[in-house]
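Chemist: If you scroll down you'll find the structure; I have some questions about it.
Computed from the coordinates by the stated procedures, all read-outs in this text should not be read as laboratory data. The structure presented is a predicted model; accordingly, all values stated were derived computationally and were not measured. All Cβ positions, glycine included, derive from the backbone under ideal geometry; neighbour counts span all protein chains shown.
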Amino acid sequence: MRTVNSILAIFYREYIITFRIFYDVLAILIFFLLGIFIFIFSVGANNEIFIQIGVGIIWTLLLLSTNLSIKRFYQDDYNDGNIFLLHMSGLSFELIVLIKLIALWFFLQLPFIIVIPIACLILGIGTEDIYLILITFFLGSPVLTSLASISGSMNLLNNKNFAIGSVVIMVLSIPLIIFSTGVINAPPELIKPQLSILGGILLFFLALTPWVSAGCIKIAFKNN
């Protein structure tokens with residue numbers, strides 16, 4: 001029962017933090033939409049080009065938006081000692097990472113489900129493609145959250161250069177971007193195999209992230 005209360009406390013804390021600084025979440029969503037408009041203004045009014053590269057634009061902006069949330073993962077909790085207190089309450093570092101993954105995906109990534117259809121309509125993307133983009137979003141956004149978790153935990157080991165975390169996200173997200181954008185342009189018989197590959201990437205990172213992030217957190221505490 002104590003463990004359940006600790007898990008619920010983490011979710012409640014993330015909820016309170018998110019809605020106390022709701023302007024951060026709003027700023028990320030506005031950044032995403034402004035990026036769409038910048039691409040439109042830079043390319044010009046050419047619907048054919050938007051249809052061809054629109055999915056790539058959306059996923060690029062999702063990736064850049066994820067970079068804005070790296071610090072939210074562990075830096076503040078590490079500085080004020082909350083991670084250590086949660087660990088002392090009986091939760092392993094791996095479980096703490098997994099809970100924060102779920103909570104921050106829910107509060108920071110899920111709101112994109114509202115703006116992605118708007119962005120698709122602005123770019124002139126068809127209804128069937130919007131449906132596929134949303135499917136790839138549900139498979140790919142937890143991967144982005146996992147990458148942000150890994151990058152955020154690695155930043156605890158390096159207080160001088162926070163850009164390393166962003167580089168890690170950029171490099172490790174390449175397979176995700178390739179298959180997420182490839183689904184839209186793939187022939188019908190290849191859509192399910194590519195979605196299956198995305199599912200495999202998701203399961204891989206869900207299994208790997210708690211151990212990697214927890215390892216970085218442990219090392220950070222030992223070096224402190």
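Chemist: Compute, for the chain, the length of the dipole vector about the Cα centre, with Cβ point charges of +1 (Lys, Arg) and -1 (Asp, Glu) only. Units Debye, rounded to 20.
Modeler: Details: 10 positive and 10 negative charges, 139 e Å.
Result for the chain is approximately 660 debye, rounded to the nearest 20.
Chemist: For segment 2-223, what is the per residue volume of the convex hull drawn over the alpha-carbon atoms, in cubic angstrom?
Modeler: Details: hull volume 26.5 nm³, N = 222.
So the per-residue hull volume is 119 Å³.
Chemist: Pick out which of ALA214, ALA119, ALA186 has the largest mean-square fluctuation in a Gaussian network model of the chain, springs linking Cα atoms closer than 10 Å.
Modeler: ALA186
Chemist: Related question: Quick one: if you stick a label point 7 Å off each Cα along the C-beta vector at ASP76 and ILE219, how many nm between them?
Modeler: 2.6
Chemist: Still on this structure, I have one more. How high is the relative contact order of the chain, in percent, with contacts defined as C-alpha pairs under 8 Å that are six or more residues apart?
Modeler: 27
Chemist: On to the next question. Taking the 0 to 90 degree range and rounding to the nearest ten, how far is the long axis of helix 2-20 tilted relative to the main principal axis of the chain, both from C-alpha atoms?
Modeler: Between helix and principal axis, roughly 50 degrees.
Chemist: Still on this model: Just to confirm the number: angle between the C-alpha axis of helix 127-155 and the first principal axis of the chain, 0 to 90 degrees, nearest 10?
Modeler: The angle comes out at about 30 degrees.
Chemist: Ranking MET154, MET88, MET170 by Cβ neighbours within 10 Å, fewest first, what do you get?
Modeler: MET88, MET170, MET154
Chemist: What is the angle, in °, between the Cα long axis of helix 188-223 and the longest principal axis of the Cα atoms in the chain? Nearest 10 is fine, range 0 to 90.
Modeler: Tilt relative to the chain: about 30 degrees.
Chemist: Let me ask you something else. Over segment 126-224, what is the relative contact order in whole percent, taking alpha-carbon pairs under 8 Å and six or more residues apart?
Modeler: It rounds to 40 percent for segment 126-224.
Chemist: Something else about it: Suppose only helical runs count, i.e. DSSP H with n ≥ 4. What mean residue ellipticity at 222 nm does that imply for the chain under -39500 (n - 2.57) per run, divided by all residues and rounded to the nearest 500 deg cm²/dmol?
Modeler: Values: 11 runs with 189 residues, N = 224.
The per-residue figure over the chain is -28500 deg cm²/dmol.
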